[in-house]
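Before any comments, here is the structure.
Read the figures in this text as sums done on the coordinates, not as results from a lab. None of these values were measured; they are calculated from a predicted model. Cβ placement follows ideal geometry from the backbone for every residue including glycine, while neighbour counts extend to all protein chains displayed.
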Amino acid sequence: MNALRRIWEHFEEGFIVFLLAAMTLVTFVYVILNNLYTVFYSLAERWTATADLFNGIGDHVMDAAQSMTWSNALTKALFGWLIFFGLSYGVRVAGHIGVDALVNLTSKSTQRLLGLIACLCCLGYAGLLSIASFEWIHTLFVASIGAEDLGHFGIMQWHIGLIVPVGFALVFIRFAEIFVRILTHRQTGLGLADEAADALKLADQEDDKK
């Protein structure tokens, strides 16, 4: 079980890196192509002896840039996948912000009880959205509608939207793990990020440097 957990956690991190890299690469290539052809046209004007060569290269680069009308749609799709896939990763690494100033004033047993209640609310929210979004994806699957600017590549709307029910299902699993850890006294609350504590740590580090 621990081996499977490590494999999944490495896959999570690798997939997030892949999405970020793909978004960056597509945007980078599109921006470069949209600014590169003017360079060749300028060179053609400067060196008239080789104007035909530079104009030809500029035309090819401009055609390549104009053919990448799909880049914006693909970037938005990748960003959507990054958001919904990253939801469960944020729960795992305590990346979501928690507001627990009043909770921390209570006893440990009360904190555990409040943690269980909060966890049940999160489980209900994630489960409800996962089921509802699955029904939405099923409707898109039946309709078989092509994605905007990506349909000619065979990418359908349900392909892009599939990450929504999957993402919330993964969030449900993460909170189910937290619920079990609270019940077994291995955790007190949801284990979310504490910005105030982080700010104090940074302040202490700055003081130590001085």
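Details
- Dipole magnitude of the chain, debye to nearest 20 (Cβ charges: Lys/Arg +1, Asp/Glu -1, about Cα centre): 880 debye
- When the Gaussian network model of the chain links Cα atoms closer than 10 Å, the mean-square fluctuations of I155, I32, I173 top out at I32.
- Amide H to amide H, with H built 1.01 Å from N, M156 comes under 5 Å of A147, counting only residues 5 or more places away or on other chains.
- Of all the options A73, A176, A64, the one that moves most in a Gaussian network model of the chain with Cα springs shorter than 10 angstrom is A64.
- The chain: most fluctuating residue of E148, E13, E45 per GNM, C-alpha cutoff 10 Å: E45
- For the chain, convex hull of alpha carbons as volume per residue, Å³: 206 Å³
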